[in-house]
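Input: a single structure, listed below in structure tokens.
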Amino acid sequence: ELQPACDHKPVTTGLAAANGVTVPLGLILVLESSYYHDGPAVRRSKVLGELDAGNVLRIHPTEARKQRVKAGQTVRVINGERAVEAAVQVDDRVPEGLAFGCYGYEEGALQRLCEAGSGHPAISLAAL
């Protein structure tokens, strides 16, 4: 059983750029840097391996109901003609209208939905 080491809050909590932004029938994707990167030093760390959520999309419970998805379910995350698959994590700390994910390593497929300098993309979800 893992015990919390601190009261860590995501860097993007209170993200001013996304406040008040609405996307009809969709979400705004916000990516954070993962604290876990695959490398020789961390690959052997049991604790970091357990903390790594993998390719996960975190959404508010209200958004999960709107999108008709449940925690742990795999969804297709769509941005225009691009699409990747991710597991849903329901988290009431995520602001409504936003979806949080991680970037920074090859398995972080969500970053493939973004273009450099284009801001936070609008996404839609399709249950698989």
Quiz prompt | Sum of side-chain charges, Glu63 neighbourhood, beta-carbon under 14 Å (Lys, Arg +1; Asp, Glu -1) | solution = +3
Quiz prompt | Calculated from backbone phi, Karplus (6.51, -1.76, 1.60) coupling profile of region 69-83 in Hz, x at Gly/Pro | solution = 10, 10, 4, x, 6, 8, 10, 8, 9, 10, 9, x, 8, 8, 8
Practice problem: Kindly rank 63-71, 82-90 from highest to lowest mean number of other beta carbons found within 10 Å of each residue. | Solution: 82-90, 63-71
Quiz prompt | Under-5 Å amide H pairs with Glu32, H placed in peptide plane, nonlocal only | solution = Gly101, Cys102, Tyr103
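Each reported figure results from applying straightforward, stated rules to the coordinates on display, with no laboratory input. Given the structure is predicted, the values throughout are model-derived calculations rather than measurements. FYI the Cβ positions are ideal-geometry reconstructions off the backbone, even for glycines, and counts take in every protein chain you see.
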